[in-house]
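S.K.: Structure provided below as structure tokens; questions to follow.
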Amino acid sequence: MSTENEGASVPSAAEPRPESPTSPPADAPASAGERTAQLPPVALEKEAPAPAASSAPATTSTPAEPAASAASAASAVDPATGPEYGQQTPSTTPPTTPPAEAPTAQFPAGPPQPAYNATNATGVPMPGTPDAGQWYGGAAAPPPYGAAAAPWGAPTPPPRRGRSGGLVAAVLAAALVAGGVGGGIGFWAAKGSDDSSTTVSASGDPKIESRTPGSVADIASKALPSVVTIEAQSSNGEGGTGTGFVYDTQGHILTNNHVVASAADSGKLSVTFSDGKNYDAEVLGRAQGYDVAVIKLKNPSGAKLTPLPLGDSDKAAVGDATVAIGAPFGLSGTVTTGIVSAKKRPVASSDGGSGGQASYMSALQTDASINPGNSGGPLLNAQGAVIGINSAIQSAGNGGGGFGGGQGQSGSIGLGFAIPINQAKNVAQQLMKDHTPIYPVISATVNMKDNVNGARIASGGDGSSPSVTPGGPADKAGLKPGDVITKLDDTTIDSGPTLISEIWTHKPGDKVTVTYVRDGKQATTEITLGERRGDKVG
């Protein structure tokens, strides 16, 4: 089946190529208002409108006097019969006869300590050293400090000691006393006179609480008042929720066509700002092929109309930070972040409605979370400027198909697509001027299902006109039925949808260089783009 390249007419639908593993079943049902987006040659799904719906305690040091007192008291205690090790009990009856000279007490000596790494480079123990592990933790090692044989704070009475042993005991006793006193004071300070919390709170300095310029919070705080939630309702009561943003101070709002399409004919359209104020609106103009629409507040008096600054989508680079704002599933004012994950991604998308035509874009791809209801919302860069209008997502739900299919809506998997703002701005200006979209064309019909690594000009027309319009831009450039277009300027063309989406990034009258293959031979030609006014019907 051949559909018209936008050189002449818009194909009735963008269908996935047979070999694509992500193509949804051809007979998958889809409800009105839902948009299906696939990467070409697979048609992507639109991200459809969502259904309406005190300071720390100080450590205290023990003065030197208690330590000295403890030392004198400990030296007067008979090590053999006195109190437990470390206890201070002054002697009241000095000995009348000097005791027999006692040997100087020493701690038990362990076996010789090997040097750290007591093996040579080959792992063999060095001469004169114990076997590996003999001292540290070995069988002959002394009991570790705090073992069951001598619990910490209550060791077994040591052997009789002279003055040297008493000095060691005094030092250890002083350490224990100092530790006990310090711990006691610390505990008292923590408890204090009441049970108040010791959590330290930061001061409420307004300068500290302000957001860093250029941060996500700063960008969001500036942009949110200019982002609106749109509720569209058809004459029969059907509709959904989408997003838009303030375009100028006259009350124009920029959004997606598929957000407002249901209210375009005798429907009801309302806009809600972040401050909760609601306004009635009307569709000023819409372009189905671009999926861009401009609506206007019926009575903008009282509305805070601060236009969002527009960036340059051509200068966006892969890896640039992005901020998306919208109303996913009706949750207004939702902010998500990500990066530009690809540029010039050819996307053909459809809302899945009966008789609905496909939209084409050479999209900015982002991994910022985008869901149904984000449609029409701004994709911002790190400076807070709009670089795209969020329009479609690739979804893994419902067997790789769209949002609908009778199984409920699917959500983001990190593959979102936005219409570059440079293109959307041109379309918006056309719609505000005469309410009619203008499309650049080459006036040739290309096959949409071919697997030829290019866009093949159909051998025959659509029944009412030839595949290459006589006297049209393609005909003047020498293109013929059967030619396979492989490049447009420096952009590789791999399918019919890719060719259309790339042509539509230009304006009527622009000159482009086309590379094509005919009978196995490659050639180039220059085409001056023509124009078509309005969307095709049927």
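S.K.: Taking residue 229, is it under 22 Å from residue 306 (Cβ atoms) and within 30 Å of the chain's Cα centre (by Cα)?
M.R.: yes
S.K.: On to the next question. Residue by residue through region 462-497, note down the ones that are over 23 Å from residue 358 (Cα atoms) and open to solvent by 40 Å² or more (accessible area, probe 1.4 Å).
M.R.: 470, 471, 475, 476, 480, 481, 489, 490
S.K.: Can you tell me which of (1) outside any loop (DSSP other than H, G, I, E, B); (2) open to solvent by 50 Å² or more (accessible area, probe 1.4 Å); (3) closer than 19 Å to residue 425 by Cα is the one residue 306 doesn't meet?
M.R.: The failed condition is (1).
S.K.: What are the residues in region 314-337 that are open to solvent by 30 Å² or more (accessible area, probe 1.4 Å) and of a type in the set (Gly, Ala, Ser), if any?
M.R.: Passing the criteria: 317, 319, 321, 332, 333.
S.K.: Looking at (1) of a type in the set (Phe, Trp, Tyr); (2) assigned to a strand (DSSP E or B); (3) farther than 26 Å from residue 434 by Cβ, which is the only condition residue 279 fails?
M.R.: So the condition that residue 279 fails would be (3).
S.K.: Just to verify a result, which residue in region 488-524, among those that are touching a helix residue (DSSP H, G or I) at 6+ places or on another chain (Cβ under 9 Å) and in a strand (DSSP E or B), is nearest to residue 441 (Cα to Cα)?
M.R.: 512
S.K.: For residues in region 385-403 being farther than 20 Å from residue 292 by Cα and open to solvent by 10 Å² or more (accessible area, probe 1.4 Å), which is modelled with the lowest pLDDT?
M.R.: 402
S.K.: Among the residues of region 282-296, write down those that are farther than 12 Å from residue 244 by Cα and out of contact with any helix residue (DSSP H, G or I) (no Cβ under 6 Å at 6 or more places or on another chain).
M.R.: 282, 284, 289
S.K.: Let me ask something else about it. Would you say residue 421 is modelled with pLDDT of 95 or more and touching a helix residue (DSSP H, G or I) at 6+ places or on another chain (Cβ under 9 Å)?
M.R.: The answer is yes for residue 421.
S.K.: Report every pair of residues separated by at least 6 positions or lying on different chains whose Cβ atoms are under 6 Å apart, first residue within region 421-433 and farther than 17 Å from residue 288 by Cβ, second among the small types (Gly, Ala, Ser).
M.R.: These pairs meet every condition: 421/313; 421/388; 422/313.
S.K.: Hey, another quick one. On the basis of being buried (at least 18 other Cβ atoms within 10 Å of the Cβ), under 24 Å from residue 219 (Cβ atoms), within 29 Å of the chain's Cα centre (by Cα) and not β-branched (Val, Ile, Thr), does residue 311 make the cut?
M.R.: Against the criterion (buried (at least 18 other Cβ atoms within 10 Å of the Cβ), under 24 Å from residue 219 (Cβ atoms), within 29 Å of the chain's Cα centre (by Cα) and not β-branched (Val, Ile, Thr)), residue 311 qualifies.
S.K.: Another question, then. Could you check region 498-517 and list, in sequence order, the residues that are at pLDDT 95 or above and open to solvent by 50 Å² or more (accessible area, probe 1.4 Å)?
M.R.: 510, 511, 513
S.K.: Cβ contacts < 6 Å: first residue closer than 19 Å to residue 505 by Cα and open to solvent by less than 10 Å² (accessible area, probe 1.4 Å), restricted to region 437-454; second residue of a type in the set (Asp, Glu) and not in a strand (DSSP E or B), any location; separation 6+ or different chain. Result?
M.R.: Once the first residue is closer than 19 Å to residue 505 by Cα and open to solvent by less than 10 Å² (accessible area, probe 1.4 Å) and sits in region 437-454, its partners that are of a type in the set (Asp, Glu) and not in a strand (DSSP E or B) give 439/6; 441/6; 445/4.
The values are calculated or read from the model by the stated rules, or taken from the named source; none is laboratory data. Predicted, not measured: the structure shown is a model, and the values here were computed from it. Glycine also receives a Cβ, built like all others from the backbone with ideal geometry; neighbour counts cover every protein chain displayed. Note: areas computed on protein heavy atoms with side chains; ligands, DNA, RNA excluded. Shrake-Rupley method; radii C 1.70, N 1.55, O 1.52, S 1.80 Å.
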